[in-house]
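Enquirer: Quick one: this structure, given as structure tokens, is what I'll be asking you about.
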Amino acid sequence: MGKKLKRNFIPFIVLNGMLLLNTYSHAQIANGAGKFLGNITTGFQVRSDFITYWNQITGENEHKWASIEGTRDRMNWSSADAIANYAKEKNIPWKFHTLIWGSQYPSWMNGLSASEQREEIIEWFDAAAKRYPDVQMIDVVNEAYMSDPNNWNAGKHAPIPFREALGGTGPTGFEWIVTSFKMARERWPNAILIYNDYNTLEWPNEINWIKQIIQKLAAAGAPIDAVGFQAHGLKGTSAATLKSRLDDIYNAIKLPMLISEYDIGETNDQAQLDNYKAHIPVMWNHPGVAGITIWGYIYGSTWVEGTGLIRNGQERPALVWLKEFIKDNPDPPNDYPNLLNGGGRNYRLNVITRGRGTVNISPEESSYEKDTEVTLTASAAEGWIFDGWSGDASGKQNPLTVSMNSMKTVTASFLTEDGKQDLVLNGTFSSGSDSWTFNNWSGSGSGAVVNGEYSITVSKTGDNYYDIQVVQPGILLEKDKAYRVLFDAYASDPRTLKVNVGMPEEPWTGFLTNVFRGESEVNLTTTKHTFSFDFVMEKTTYDDSRIEFSVGLNTPTVYIDNVSLYEIEPSAVLEPVHKKKREKIKIQQKGTLLTIAFDSANKSSASINIFDLRGNLIRFAEIKSHSVRNYSINTAGISKGFYIIKIDNGINVIKSSIVLTGN
């Protein structure tokens, strides 16, 4: 973050006019655990009690360029050296924080030409590499977020103002970041090179940006080994929401994640403890998180007020709990157990399905040692055919053997029997939430892949269906072509689910203007069912269409699986539902009995649903009628008020507003 230099070092407690040295007899909290639990310096000093708590160290300000070379060509390494020497003495890893950052860089850089700035950057990198050739981790670039890299006045964090010295924007919009990482790799071949930023676990814009930019930078050749998530702003975030975000990001970036600057600014002990209990277990037990660094631990000497874990010499409840939690969980899931052991690497294999089918992975592990051979076997679902592999493998060989010598993503494609490609990626959620985005605009909810299904939990309803949703953009739909949407779904209790296909941005145009055979708003029960509907794309061809599953007005949890959207032949399209002549009905109430009378003869069975005005399903019934013109439902127990009734008898689907008199 945009930290200010601190010099308020408080290594002692003042008690009755006497100076007493803080001493604690216990070992490091994460000593011997499968991940590190680190912290930072306090006021440019390493406290004597540091090693009794923490087994990784980061300098809060000591390795920032302005701290070392505030005056041009005069470098002061004394405080920086103290950290490196301490880590070596105590045999714990340390991180260099940071090489390139648009804050706390030397102010004299602003008056130089681009060529002079580049020379100074090279000089800075060379000096740091010569001084610390064996550093384990480096924040190469810090806080570079820009909503529009070509507009300096757009939303941003702290990108360097001298980007042109490192190549400017370039084809990725962030060529200067690519250059920075390449320069770092030339000088530190074995260090873990990290991109570090804030709000990337907190805000949708930054979350989506980090998912996209890491992929772009890697594709452009930036040797990024891990991504740091500062996590300063997680106060009040639920465990379910945090896990959903970590899952979503991890499936997208496919790199080790480091929680790099976690803190909870709370003067209230219980509130701080509650947040630690919500967040630390999720982080510690996430297989993609290789370690956690807490940003300060002495109350009154931290960047954010109230974040300290030791106040007046006493451990706050959050620290007491933290020690017990790590003690009870010494071996958390970790896809990168060798990350800090001499620069060793484990490689992750990400297998995605496109279309209806499955892939068997043998052996199936969270990560693989170098040169492990993995066999992939594709099996098409009924009505589909296997079409081949793409990504880090190609061809139609089945089974396929993949040699794990790098992080790899392999996609298995399945086509319909008439050769149409599924336009939805990872519709079976075999690769977690990869290609899907969870949106929470109002209310409170979370999304995550559980047992191969996408689960959407609503803890507080929003004002609209779309306030809580899972979506997938980037779908090409062509004008006048017919398409089919197919998915499986159920819920923890009966409720509705609203499906839409449309634009992901203003004017948010929907494309379901001509829906056939089925409906885009479906009633879910606790039993999994397959739903489908067809539509014709009547709008202009659009290459960033989005499929949406929205749940914001109901609280029961929704489970979605096997999502497909594919082109169908026009001859397969049935009569459009919304173009049918609307059937006239008459609704009568007598006590708690509601009778629906049709104008014409119909099938002798129907489903009847009664909803409140927020879309909550209040009553559901499957009706077998003695008369093909009349259906009845008992409304006993339903409060007086306005409701929506929906009748589906297989021929007509009719909705009407009603006022129930109650009982």
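Enquirer: What number, in percent, do you get for the relative contact order of the range 382-439 if the mean sequence gap of Cα pairs under 8 Å and at least 6 apart is divided by its residue count?
Expert: With pairs under 8 Å counted, the relative contact order is 33 percent.
Enquirer: I would also like to ask the following. Count charges around His279 for me, please; just the other residues with Cβ under 14 Å from its Cβ, Lys/Arg as +1, Asp/Glu as -1.
Expert: Net local charge, His279 excluded: -1.
Enquirer: Sticking to Cα atoms, compute the Rg of the range 404-505 to one decimal and its Dmax as the biggest Cα-Cα distance, whole number, in Å.
Expert: Using the Cα atoms of the range 404-505, the pair Rg, Dmax is 15.8, 49 Å.
Enquirer: Same structure, new question: With just the Cα atoms defining each centre, how far is the range 204-223 from the range 74-122? Give it in Å.
Expert: The two parts, judged by their Cα centres, are 25 Å apart.
Enquirer: So, by mean Cβ neighbours within 10 angstrom, what's the order for 437-445, 61-69 with the highest one leading?
Expert: Ranking, from highest mean packing down: 61-69, 437-445.
Enquirer: To the nearest 10 degrees, how steeply does helix 114-131 sit against the main Cα axis of the chain, on a 0 to 90 scale?
Expert: That helix lies at roughly 70 degrees to the long axis.
Enquirer: Mind running the shape call on the range 437-577? Use the C-alpha gyration tensor, a ≥ b ≥ c as the square roots of the eigenvalues: rounded below 1.5 for a/c, prolate if a/b tops b/c, oblate otherwise.
Expert: It comes out prolate by the Cα gyration axes.
Enquirer: Next question, about the same structure. So, counting K/R as plus one and D/E as minus one, what does the shell of residues with Cβ under 15 Å around Val449 add up to?
Expert: -4
Enquirer: Sticking with the crude label model, points 7 Å out along Cα→Cβ, report the distance from Asn405 to Glu365 in nm, one decimal please.
Expert: 1.8
Enquirer: Can you check what the net charge comes to around Thr169, using other residues whose Cβ is under 11 Å from the Cβ of Thr169 (Lys, Arg +1; Asp, Glu -1)?
Expert: It works out to a net charge of -2.
Enquirer: What whole number of Å gives the distance from the Cα centroid of the range 405-483 to the Cα centroid of the range 501-521?
Expert: If you average the Cα positions of each part, the centres end up 16 Å apart.
Enquirer: On to the next question. Based only on Cα atoms, what Rg/Rh ratio does the range 278-333 have, Rh being taken as Kirkwood's radius?
Expert: Over the Cα atoms of the range 278-333, Rg/Rh equals 1.01.
Enquirer: Can you list the residues, at least 5 places off or on another chain, whose amide H is less than 5 Å from the amide H of Arg619, using H built in the peptide plane?
Expert: Amide H neighbours of Arg619: Ile610.
Enquirer: Place the peptides 460-468, 148-156, 290-298 in order of packing, highest mean first, counting for every residue the other Cβ atoms within 10 Å and averaging per peptide.
Expert: So the order, starting with the most tightly packed, is 290-298, 460-468, 148-156.
Enquirer: Could the peptides 421-427, 121-127 be put in order, highest first, of the mean number of other beta-carbon atoms found within 10 Å of their residues?
Expert: 421-427, 121-127
Enquirer: Hey, another quick one. Expressed in nm to one decimal, what extension gain is obtained for the pair Gln212 and Asp148 from 0.36 nm per residue of sequence separation less their Cα-Cα distance?
Expert: Going from the current span to full extension adds 21.7 nm.
Enquirer: For the chain, calculate the relative contact order in percent as a whole number, restricting contacts to Cα pairs under 8 Å that are 6 or more residues apart.
Expert: RCO, the chain: 8 percent.
Enquirer: Please list the equivalent ellipsoid semi-axes of the chain, computed as the square roots of five times the alpha-carbon gyration tensor eigenvalues, in descending order and whole angstrom.
Expert: Computed over the chain, the values are 54, 30, 23 Å.
Enquirer: Hey, another quick one. Taking only C-alpha pairs under 8 Å that are 6+ residues apart, what is the relative contact order of the range 346-416 in percent?
Expert: RCO, the range 346-416: 43 percent.
Every number here is computed from the coordinates shown, using simple stated rules; none is lab data. Not measured: the values here are computed from a predicted model. As a convention, Cβ positions derive from the backbone with ideal geometry for all residues, glycine included, and neighbour counts pool all protein chains shown.
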